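One structure is given here, and the rest of the page talks about it.
The values are calculated or read from the model by the stated rules, or taken from the named source; none is laboratory data. None of the values given here were measured: they were computed from a predicted structure. Just so you know, the surface numbers come from the protein's heavy atoms only, side chains and all, with ligands and any DNA or RNA stripped out. Shrake-Rupley method; radii C 1.70, N 1.55, O 1.52, S 1.80 Å.
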Amino acid sequence: MAHMAPRLVDTLPGELRLDIDMVGTGGDRLVLDMSGPLEEVRAQLDTLRSSLAQASTVLEAREFMVREFGADAHGGLR
């Protein structure tokens, strides 16, 4: 990752907004905006973390297939 900048801002009383701005090495940009009470923002961030862990596991499995069996990017064998 080329750049990541989280920013936490208080909005309404008892609420906040967490912005995460990420720019990849290829220039692709992803901006995440989570807002609400602290507990909700924490839950949103935990869900995101879990989703990213699952996506990483799926990608690792594909990388293994490519490395070990010569599978192409779609999972088929070459």
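Entry comment: accessible area of the chain is 77 Å² per residue, from protein heavy atoms only and a probe of 1.4 Å.
Computed per residue of the chain from DSSP H runs no shorter than four, each worth -39500 (n - 2.57), the mean residue ellipticity at 222 nm is -15000 deg cm²/dmol. The apolar share of the surface of the chain, taken as the fraction of accessible area on carbon and sulfur atoms (1.4 Å probe, ligands and nucleic acids excluded), comes to 58 percent.
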